[in-house]
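Take a look at this one; I'll ask things after.
The values are calculated or read from the model by the stated rules, or taken from the named source; none is laboratory data. These numbers come from a predicted model, not from an experiment. Backbone-built Cβ (ideal geometry, glycine too); neighbour counts: all protein chains shown. Surface accessibility is based on the protein's heavy atoms, side chains included, excluding ligands, DNA and RNA. Shrake-Rupley method; radii C 1.70, N 1.55, O 1.52, S 1.80 Å.
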Amino acid sequence: MIKVAFYDTKEYDKPSFERYGAEHEMQFRFLETKLNEDTVELAKGCDAVCVFVNDTVNAAVIEKLYEYGVKLIALRSAGYNNVDVQAAFGKAHVVHVPAYSPYAVAEHAIALLLTSVRRIHKAYNRTREFNFSLNGLTGFDFHGKTVGVIGTGKIGRIFIDICRGFGMHVIAYDRFPASDSGIEYVTLDELLSRSDIISLHCPLTDETRHMIDASAIERMKKGVVIVNTSRGGLIDAEALLEGIKARKVGAACLDVYEEEADIFFEDRSGHILNDDLLSRLISMPNVIVTSHQAFLTAEALNNIAETTVNNIRSYFDNDGVCDNELCYRCGNIERCKKERKERCF
């Protein structure tokens, strides 16, 4: 029986993981707490840990996991910016879920965009109070607008397909362009200057952190709409707020926030929010914030559980080899050039 410490557990996580765990002789120790230096001890006696986007898997945590004999860090997400992959090399293998439901995230980005542009959230609140006035609810057509997509992986390309369905003109920027995709790639500067809407679909790395900062916003069109369903750290939130206040940014649709770790996924309705920056963003009439829910569909939850359990099973059944491993040996992490027929270390 493989024992797994499952950190940052939510009620919607349990059904799928319990089902697939039982099928694969896996025992999950569900923990509500997040993984960090204070809670890592809860993984004692386990073979693996299962973590999510706001768990802290730094060098100190990895060293403790190594001491406890934990062999595998299984991310139940695609992103891995919260894991020190370099520190894990030689001590614990790291696996992730590269694709669970790219449709879920792309569709949520469109939902945020439609809600913002057509003022659906404002209309909903009005009609709940029997206010049927249309004043202040004027939006704009998607058709004919230019949308700039930063990152053209699976999610980005599905988002592009949806935008094309609306009759939008799509331009894109990606350090690794998709060949034979029919996508019009441009430089980042050109994308910033030409786009009516900018949507982020790229991972958070040292190179992409705060790629949307004061300088980038200054190069954008007046009234630009910014959508982020990827990672909060892609946007300098202070610069975004200043751009909104200066009327440079017409609207912002955010499913992620740089300092979300101790805020999102929890009910804070009975408490004073100590994050002044997030409070000010939420208070803006042209900002929509959802709490990292873009992934949250029944299909995605099922796929996350199935892939994560298969990753764990594959590692223990195949002498440490798993197709979805994040390996630092080549220094290329996801784009590791070696054939995965042997363990990384």
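Examine segment 285-302 for a residue that is in contact with a Cys (Cβ under 8 Å, 6 or more places away or on another chain) and among the hydroxyl-bearing types (S, T, Y), and state whether such a residue exists.
No.
With the requirement that a residue be farther than 21 Å from A294 by Cβ and small (G, A, S), what does segment 159-177 give you?
G167
Considering (1) buried (at least 18 other Cβ atoms within 10 Å of the Cβ); (2) over 20 Å from the mean Cα position of the chain (by Cα); (3) assigned to a loop (DSSP other than H, G, I, E, B), say which one V97 fails and leave the rest.
Every condition holds for V97 apart from (2).
Restricting to segment 13-35, name every residue that is under 19 Å from F316 (Cβ atoms), open to solvent by 20 Å² or more (accessible area, probe 1.4 Å) and of a type in the set (F, W, Y).
The answer is Y20, F28.
Looking for whichever is on the phi < 0 side of the Ramachandran plot, surrounded by fewer than 20 Cβ atoms within 10 Å (Cβ to Cβ) and at pLDDT 95 or above here; the options are A246, A294, A252. Which one fits?
A246
Can you work out which of the residues in segment 130-189 that are hydroxyl-bearing (S, T, Y) and modelled with pLDDT of 95 or more is farthest from V225 (Cα to Cα)?
The residue in question is S133.
Yes or no: I272 assigned to a loop (DSSP other than H, G, I, E, B), among the β-branched types (V, I, T), farther than 18 Å from G79 by Cβ and open to solvent by 80 Å² or more (accessible area, probe 1.4 Å)?
So I272 fits the description; yes.
Something else: Only one residue in D38, D8 is open to solvent by 50 Å² or more (accessible area, probe 1.4 Å) and modelled with pLDDT of 95 or more, so which one is that?
Testing whether each residue is open to solvent by 50 Å² or more (accessible area, probe 1.4 Å) and modelled with pLDDT of 95 or more leaves just D38.
Keeping to segment 100-127, report how many residues are over 19 Å from K154 (Cα atoms) and not in a helix (DSSP H, G or I).
2
Conditions first: (1) in contact with a helix residue (DSSP H, G or I) (Cβ under 7 Å, 6 or more places away or on another chain); (2) open to solvent by 70 Å² or more (accessible area, probe 1.4 Å). F176 passes all but one, so which condition is the exception?
(1)
Another question, if that's okay. Is it the case that D213 is surrounded by 13 or more Cβ atoms within 10 Å (Cβ to Cβ), within 21 Å of I158 (Cα to Cα) and at pLDDT 95 or above?
The answer is no for D213.
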